[in-house]
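Peer 1: One structure, pasted below without further comment.
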Amino acid sequence: MTTSANVPKFELVWLRTWVEVVDAGGFSKAAELIHLSQPRVSAHIANLERALGRTLIERRVRPLELTEHGRALLPKARAVLTAAEDLIDESLDGATLFGSLRVASFASASSGFLPDVLAALRREHPDVEVGVLDGDMRSIETALADRRVTVAIRPMRPEPADPALVSRPLWREPFTVLLPTGHPLCALESIGLEDLAGARIITIGNPLLNSDLGYEAEATLHASFVETPAGMVSEQPTTLASMVRAGLGVGIVNRLATDMVRSEGLEVRAIRDLNRFRDVGIWWHSGRPLSRVSRAFIDAVLAAPLPPGTDPVPMEA
């Protein structure tokens with residue numbers, strides 16, 4: 001029979017520190033993220049292992065690797081920490097949420113969608129603080145996988161490399177062509193992809209990657225067998241618009257990006273006969289229990305009106 005005297009004693013902070021080390025992939029990075037010294041982090045892990053009588057991390061393996069006991073403990077530890085956060089919220093006030101949340105998003109969604117979501121969330125839960133990290137698709141996925149953020153607004157394609165990331169669809173938006181005033185293509189009411197053959201394309205993408213075109217523009221043009229000279233990419237729609245305005249190329253951008261940039265010196269045209277879109281969803285990690293704050297944010301996103309010029313994602317998508 002187990003008595004209270006035989007139950008291992010450990011502090012919740014040791015468990016939380018261990019999970020942070022696992023998610024960060026190392027002691028030093030975790031120490032930086034949770035603002036503790038590395039010796040203190042190491043002490044928390046050692047105290048936890050001593051209390052449980054189990055080694056949880058393989059110290060001699062790089063990168064960080066869990067022992068069999070560590071792998072078994074991880075989902076239970078996440079559930080305990082989430083339950084503890086919820087318990088604190090409920091003990092303070094069952095109807096009021098307290099806490100913070102880090103969200104990743106791409107620039108045009110941060111500009112054209114998130115402000116109204118955050119305003120609605122603040123009206124209902126004024127003590128919740130949300131920080132927003134803007135990035136491209138790859139950096140958003142990395143931040144979510146690394147647990148630097150809990151929830152992300154991200155295009156549905158390309159699918160993330162981590163199969164544990166799950167999503168709910170939000171909206172579908174068309175692509176448009178952004179032209180400098182006076183460009184010959186401005187004479188057309190709408191533009192076919194064949195009209196872009198030979199044009200230098202500027203689109204949204206990560207300039208640090210080995211690609212002259214962002215994923216979506218490249219997939220769109222290649223699907224229609226349109227060949228273009230080497231293009232340019234920028235992570236920020238405002239920078240892309242300035243490049244187009246300066247005559248450096250023709251922009252292919254999603255509808256929300258078109259709406260967020262200054263219109264002076266630019267003209268926008270629809271793309272004719274294009275059966276390709278940007279589908280956007282809200283993403284989180286299925287292996288990590290969501291706190292009440294995270295669930296409240298997801299609910300606010302799913303209840304929010306669609307951005308202007310977009311449609312619901314069809315069920316078959």
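Peer 1: Hey, can you tell me all the residues within region 269-309 that are modelled with pLDDT of 95 or more and β-branched (Val, Ile, Thr)?
Peer 2: VAL280, ILE282, ILE298, VAL301
Peer 1: Can you tell me which residues in region 262-297 are more than 30 Å from GLY249 (Cβ to Cβ), surrounded by fewer than 17 Cβ atoms within 10 Å (Cβ to Cβ) and of a type in the set (Val, Ile, Thr)?
Peer 2: Residues satisfying the conditions do not exist here.
Peer 1: Take ALA43 and decide whether it is at pLDDT 85 or above and either farther than 30 Å from PRO308 by Cβ or open to solvent by less than 60 Å² (accessible area, probe 1.4 Å) (or both).
Peer 2: Against the criterion (at pLDDT 85 or above and either farther than 30 Å from PRO308 by Cβ or open to solvent by less than 60 Å² (accessible area, probe 1.4 Å) (or both)), ALA43 qualifies.
Peer 1: Can you name the condition, by its number, that PRO158 falls short on among (1) surrounded by fewer than 15 Cβ atoms within 10 Å (Cβ to Cβ); (2) in a strand (DSSP E or B)?
Peer 2: (2)
Peer 1: Check whether at least one residue in region 113-120 is outside any strand (DSSP E or B), open to solvent by 10 Å² or more (accessible area, probe 1.4 Å), farther than 16 Å from VAL301 by Cα and assigned by the TED database to the domain that holds ARG292, and report yes or no.
Peer 2: no
Peer 1: Identify, from the list VAL61, VAL41, the residue that is over 19 Å from ARG288 (Cα atoms), of a type in the set (A, V, I, L, M) and assigned to a loop (DSSP other than H, G, I, E, B).
Peer 2: Selected residue: VAL61, the only one of VAL61, VAL41 that is over 19 Å from ARG288 (Cα atoms), of a type in the set (A, V, I, L, M) and assigned to a loop (DSSP other than H, G, I, E, B).
Peer 1: On to the next question. Out of all the residues in region 102-145, which are hydroxyl-bearing (Ser, Thr, Tyr) and at pLDDT below 90?
Peer 2: Hits for region 102-145 are SER139, THR142.
Peer 1: For residues in region 177-197 being of a type in the set (Gly, Ala, Ser) and within 34 Å of the chain's Cα centre (by Cα), which is nearest to SER234 (Cα to Cα)?
Peer 2: Per the stated criteria, the residue is ALA197.
Peer 1: Could you tell me which of the residues ALA164, ALA223, ALA217 is under 29 Å from PRO314 (Cα atoms), modelled with pLDDT under 90 and assigned by the TED database to the domain that holds PRO289?
Peer 2: ALA164
Peer 1: Are there any pairs, at least 6 apart or on different chains, whose C-beta atoms fall under 9 Å, with the first in region 35-60 and at positive phi and the second open to solvent by 60 Å² or more (accessible area, probe 1.4 Å) and not β-branched (Val, Ile, Thr), and if so, which?
Peer 2: GLY53/PRO8
Peer 1: Of a type in the set (Ser, Thr, Tyr) and buried (at least 16 other Cβ atoms within 10 Å of the Cβ), is that true of SER100?
Peer 2: Against the criterion (of a type in the set (Ser, Thr, Tyr) and buried (at least 16 other Cβ atoms within 10 Å of the Cβ)), SER100 does not qualify.
Peer 1: Let me ask something additional. Return yes when VAL253 is part of a helix (DSSP H, G or I) and β-branched (Val, Ile, Thr) and no when it is not.
Peer 2: So VAL253 does not fit the description; no.
Peer 1: Counting only residues that are modelled with pLDDT of 60 or more and either open to solvent by 40 Å² or more (accessible area, probe 1.4 Å) or not in a helix (DSSP H, G or I) (or both), how many does region 191-214 have?
Peer 2: Qualifying residue count, region 191-214: 14.
Peer 1: Looking at this structure, is ARG172 part of a strand (DSSP E or B) and open to solvent by 40 Å² or more (accessible area, probe 1.4 Å)?
Peer 2: Answer is yes for this residue.
Peer 1: Also: Are any residues in region 123-137 part of a loop (DSSP other than H, G, I, E, B) and buried (at least 17 other Cβ atoms within 10 Å of the Cβ), and if so, which ones?
Peer 2: Correct list: HIS125, GLY135, ASP136.
The values are calculated or read from the model by the stated rules, or taken from the named source; none is laboratory data. Not measured: the values here are computed from a predicted model. So basically every Cβ, Gly included, is an ideal-geometry build from the backbone, and we count neighbours across all protein chains shown. When the accessible area is computed, the model is the full protein with side chains, heavy atoms only, and any ligands, DNA or RNA have been set aside. Shrake-Rupley method; radii C 1.70, N 1.55, O 1.52, S 1.80 Å.
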